[in-house]
Amino acid sequence: MLNETYDIGLGNHDTDLRKKASSDFLSFWDEQAKNLTWFTPWNKTLEWNPPFAKWFVGGTINASYNALDIHQKTRSNKPAILWEGENDESRVITYGEMFTQVQKFSNVLKSLDVKKGDRVTIYLPMVPELPIAMFACARIGAIHTVIFSGFSAESIKDRIADSHSKVVITADGGYRRGKVVPLKEVVDEAIKDFDFVKHVVVLERTKNKIPVSSKDKFWSDLMNDALESCDAEKLDSAHPLYILYTSGTTGKPKGVLHGTGGYLTHLYSTFKWAFDIKDSDVFFCTADIGWVTGHSYVVYAPFLHGATQIMYEGAPDFPDATRMWDILQKYRATIFYTTPTALRMFMKFGDEIPNSFDLSSLRLLGTVGEPINPEVWKWYFKTIGKEKCPIIDTWWQTETGGMLISSLPGLETIPLKPGSGTLPIPGVDIDVVDENGNSVSTNTKGYLVIKNPWPGMLLTLWGDDEKYKTVYWSKYENCYYPGDYALKDEDGYMWLLGRADDVLKIAGHRIGTAELESCIVSHHDVAESAVCGIPDDVKGEVIVAFVVLKQGIVDSKILEKEISDKIRNDIGAIATPKQIYFVSKLPKTRSGKIMRRLLKAIAKNEKIGDVSTLEDGAAVTEVQNAFDEIQ
Ligand code: WTA
């Protein structure tokens, strides 16, 4: 553990807030919720029927109203989005214009018979119409379910089947690395058997030629006919705002369901404390809206604060390695929030590139999504922040809604330690425990747990309360189990040490091993498969797959390609393995469970540990040889 500290802050010292939070976390969150605009106040801060939480019971609120309507008197001409297209196009969209567009699109949704509680699937590239569609859903009480535009038809199909969306919103295409990604065709393929999908709204982004069916309606036609005004629905605080599918340890992705009042309170507060947001700031979060970081800290949080932000359509290194710094310089960005994977890539390109740009407008830097290596942290601090910007390393998950561990330069100045997320946010009780749920001593690795409910927490998993209970609340009694290893040091600082379960983090993207394995096994020549992550200098982790073929099938380059193509087709390009190994058997326990712990240990060059339950030692030798080959 690196105990080098950096005393850098923004001069904020609100010691009272932490005191209040630790003496009574409910009245603390109660105070925070008052920062939002409610139609009717709540009469109970929290209704806690473990593990189901309802925050601000009795209150009515609307996310779109808090993002747009409340800013119209003072900020209607203020830029909300400074949009940078991949091919040098740019657009500035003000709060006033967003307000009009969102109201019009809300009327479009109503004209397509979308009602409160209905689900709407959104499969769009990073264009302003994506947040417009999300806010429009929120405005009328429809539940949006955004799917990352890199996912395949098969993935979309599963998600639409699960959410039973009656409308899908997509585009004729999206730009990625100079190519047009055919989104509409992917949607057509995904919904071909779904009669319950009544309409497909198509945004004309690339003006590409696309197949048109009777379900299709064009965005521009619908908007031309739409009325300009649509009042926001008064919704219960716990009304579902969205479903976002995410990978877990078993089978198909889970539909994480978030509510409204609690979620917005969490985002409003963390955006203020962590990012120290001011009216004059230009915020840039590089996350795609298809992931939770984009939902929370591109769409909802900045809008709650009436902030100006940059939104970028393409890949961070396209057309070349100068792209990010060019954007930061062009818009005089003040706050930059990105991933350790992106930083490792920029670092590899060399210092000359960022050094040739004027990045002097930056005042705060952040990272999210995976552990940051201390040397990358220091590079970010020196080369990008010129030793004057605090860095926030924010730990959270799709399920937590917003950050739970981060330094908070907008609240207090504490010494920073490269590689540590520092302290839990106020009002959240976090501990590190052993297998039996007992707190471990200082500097000892254990499991991270959250001991009380927090406002941004998921309501449940869509349509599966039982799974919600077993996945998150069954390992420890009345404690939320996120699936991460952590340790707490002598100063109470948290160090996140990676996933404790079978979830992979590839370039910061969450991918479940079970999902990948069932995809590989569905290839007709495959008998069995086990996948695991191995460390990678840039992506943090990359995927390695072990495949046992059916009897009589001989491995070949063609088969390897077929399996890779299948993964790309069924899940998406982000899940493609770096290496596929054909082996004759997998290391298993005598009861037949694949010993992934062994695969991981071999991959990390760690001691294999206790193998007394192993069925056949030869399987380990085979796997070991396979790894040695790549080293
Ligand atoms: C990991 C992304 C270390 C962690 C917001 C968590 C991190 C998972 C950090 C959730 C961080 C996220 N340091 N690890 N600062 N932030 N993680 O749902 O393993 O895509 O459980 O949410 O990412 O991934 P998800």
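The values are calculated or read from the model by the stated rules, or taken from the named source; none is laboratory data. Keep in mind the model is a prediction, meaning the values are calculated, not measured. Methodologically, a virtual Cβ is constructed for each residue, glycine included, from the backbone with ideal geometry; neighbour enumeration extends over all protein chains shown. Note: accessible area is taken over every heavy atom of the protein model, side chains too, but ligands, DNA and RNA are not part of it. Shrake-Rupley method; radii C 1.70, N 1.55, O 1.52, S 1.80 Å.
In this structure, the amide hydrogen of Gly572, modeled 1.01 Å from its nitrogen in the peptide plane, lies closer than 5 angstrom to those of Ser152, counting only residues at least 5 positions away or on a different chain.
Just the protein heavy atoms count here, and of the accessible area of the range 330-474 at 1.4 Å, carbon and sulfur take up 50 percent. Assuming charge only on the beta carbon of Lys and Arg (+1) and of Asp and Glu (-1), the dipole of the range 169-282 about its Cα centre is about 580 debye to the nearest 20. In the range 78-159, what percent of the accessible surface is made up of carbon and sulfur (1.4 Å probe, ligands and nucleic acids excluded)? That share works out to 45 percent. Mean projected area of the convex hull spanned by the Cα atoms of the range 542-592, taken over all viewing directions: 4.5 nm². Relative to the Cα centre, the charge distribution of the chain, modelled as +1 at Lys and Arg Cβ and -1 at Asp and Glu Cβ, gives a dipole magnitude of about 680 debye. Largest accessible area first, the residues Arg323, Arg332 order themselves as Arg332, Arg323 under a 1.4 Å probe with ligands, DNA and RNA left out.
Compactness check for the chain: Cα Rg over 2.2 N^0.38 Å is 0.94.
Here is the P(r) of the range 446-565: all C-alpha pair distances, binned every 10 Å from 0, give 11, 30, 30, 19, 8, 1 in whole percents.
Classification of the range 54-127 by its C-alpha gyration tensor yields an oblate form. The axis ratio a/c (a ≥ b ≥ c) is 1.5 or more, and b/c is at least a/b.
Semi-axis lengths, largest first, of the ellipsoid equivalent to the range 283-380 are 21, 16, 13 Å, with √(5λ) applied to each eigenvalue of the Cα gyration tensor.
Charged side chains reduced to their Cβ positions (Lys and Arg at +1, Asp and Glu at -1) give the range 357-503 a dipole of some 520 debye around its Cα centre. Calculated translational diffusion coefficient of the range 1-140 (10 °C, 1.306 mPa s; Stokes-Einstein with Kirkwood radius over alpha-carbon pairs) equals 85 µm²/s.
Taking all Cα pairs closer than 8 Å and separated by 6 or more residues, the relative contact order of the chain comes to 14 percent.
The residues packed around Cys479, meaning those with a beta-carbon under 10 Å from its beta-carbon, carry a net charge of -1 if Lys and Arg are +1 and Asp and Glu are -1. Of the beta bridges in the range 111-218, as assigned by DSSP with both residues counted there, near 15 percent are antiparallel.
The separation of the range 468-495 from the range 1-59, counted between C-alpha centres, amounts to 19 Å.
Computed with a 1.4 Å probe on the full set of protein chains, the accessible area for Phe582 sits at about 50 Å².
Applying a threshold of 23 Å to the alpha-carbon distances of Lys417/Lys469; Lys585/Lys607; Lys561/Lys607 flags Lys417/Lys469; Lys561/Lys607 as lying beyond it. Per-residue Karplus couplings for the range 214-228, computed as 6.51 cos²θ - 1.76 cosθ + 1.60 with θ equal to phi - 60°, are listed in order as 5, 7, 7, 9, 8, 3, 5, 4, 5, 5, 4, 8, 8, 6, 8 Hz, Gly and Pro entered as x. When the charge dipole of the chain is built from unit charges on Cβ atoms (+1 for Lys and Arg, -1 for Asp and Glu) and taken about the Cα centre, the candidate among Leu362, Asn625, Val57 whose Cα reaches farthest toward its positive end is Val57.
From the alpha carbon centroid of the range 579-631 to that of the range 89-164 is 45 Å. Peptide packing: for 206-216, 60-70, the average count of neighbouring Cβ atoms within 10 Å per residue gives the ranking 60-70, 206-216, highest mean first.
For the residue pairs Lys20/Lys44; Lys34/Lys272; Lys557/Lys600, the C-alpha atoms sit more than 23 angstrom apart in Lys557/Lys600. Most tightly packed first, judged by the mean number of other beta-carbon atoms within 10 Å of their residues, the peptides 274-282, 182-190 read 182-190, 274-282.
Find, to one decimal place in angstroms, the Kirkwood hydrodynamic radius of the range 324-458, where the mean of 1/r is taken over every pair of different Cα atoms and then inverted. Walk me through the intermediate numbers first.
Working: mean 1/r = 0.0613 Å⁻¹.
Radius from the Kirkwood sum: 16.3 Å.
Couplings for the range 196-210, taken from phi via the Karplus curve 6.51 cos²θ - 1.76 cosθ + 1.60 with θ = phi - 60°, read 6, 7, 8, 9, 10, 8, 10, 7, 8, 9, 9, 6, 6, 6, 10 Hz in order; Gly and Pro are left as x.
Per residue, what accessible area does the chain have, given a 1.4 Å probe and all protein chains present, in Å²?
Accessible area per residue, the chain: 38 Å².
By the gyration tensor of its Cα atoms, with a ≥ b ≥ c the square roots of the eigenvalues, what is the shape of the range 98-156: rounded for a/c under 1.5, prolate for a/b over b/c, or oblate? Oblate, since a/c reaches 1.5 and b/c is not below a/b. How large, in percent, is the carbon and sulfur part of the accessible surface of the range 209-325 at a probe radius of 1.4 Å? Carbon and sulfur: 51 percent of the exposed surface of the range 209-325. Volume of the convex hull of the range 334-389 (Cα atoms only), normalised per residue: 66 Å³. Kirkwood hydrodynamic radius of the range 11-59, from the reciprocal of the average inverse Cα-Cα distance over all distinct pairs: 12.1 Å. Each peptide in 133-142, 424-433, 355-364 gets a packing score, the mean of other Cβ atoms within 10 Å over its residues, and the list from highest to lowest is 133-142, 424-433, 355-364. Which of rounded, prolate or oblate describes the range 580-629 when judged by the alpha-carbon gyration tensor and an a/c cut-off of 1.5? Verdict is oblate for the range 580-629. The 3J(HN,Hα) values that the Karplus relation (6.51, -1.76, 1.60; θ = phi - 60°) gives for the range 500-515 are, in residue order, 9, 10, 9, 9, 9, 10, 9, 6, x, 8, 8, 9, x, 5, 4, 4 Hz. Gly and Pro appear as x.
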